[in-house]
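Presented below is the structure to which this report refers.
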Amino acid sequence: MKKIAGDLHFQAMAKKITLTYECEDPTLWINADQGLMERVVENITGNAIKYTMEKGWVKIYARTVPEGVEIGVQDNGRGIPPEALKKLFGKFEQVKAEDKAVGFGIGLSFSKGIIEAHGSTIQVESEVGKRQ
């Protein structure tokens, strides 16, 4: 996570976004392809930075849960409407038409495929207008 936060530092800095990472247990370990997992977390974190307003915050975290390890990204961005949540991980899907200018809509679909290929799940929780 520290590496990913470092990789995305300048992207966050350009929008004056505070990017942090937190790991409860530095000995946490997962049996996964490190390069692919880094791409997934970097993609999701990059999206969080992209859709968080200037001077917002994004946090990457890892923690132990009963099922193993949970890796997550939190932010105080604009939120995702409930109707968009249902298709968020589909290929070429984006939340609003004006977002097409900033990507192709394949990153989350790619991320979901990688996570599922590792025998795990990916999910999102969001509310429009809710600031954490």
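Values quoted throughout were computed directly from the atomic coordinates according to the rules given, and no laboratory measurement underlies them. From a predicted model like this one, the values you see are computed outputs, not experimental measurements. All Cβ positions, even for glycine, are placed from backbone atoms using ideal geometry, and neighbour counts span all protein chains on display.
Computed quantities for the displayed model
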| item | result |
| --- | --- |
| Residue satisfying all of: in region 7-20; within 15 Å of the chain's Cα centre (by Cα) and part of a helix (DSSP H, G or I); farthest from GLY56 (Cα to Cα) among these | ASP7 |
| Scope region 27-85; condition in a loop (DSSP other than H, G, I, E, B) and either of a type in the set (D, E, K, R) or touching an Asp or Glu at 6+ places or on another chain (Cβ under 6 Å) (or both); matching residues | ASP33, THR52, GLU54, LYS55, GLU67, ARG78, GLY79 |
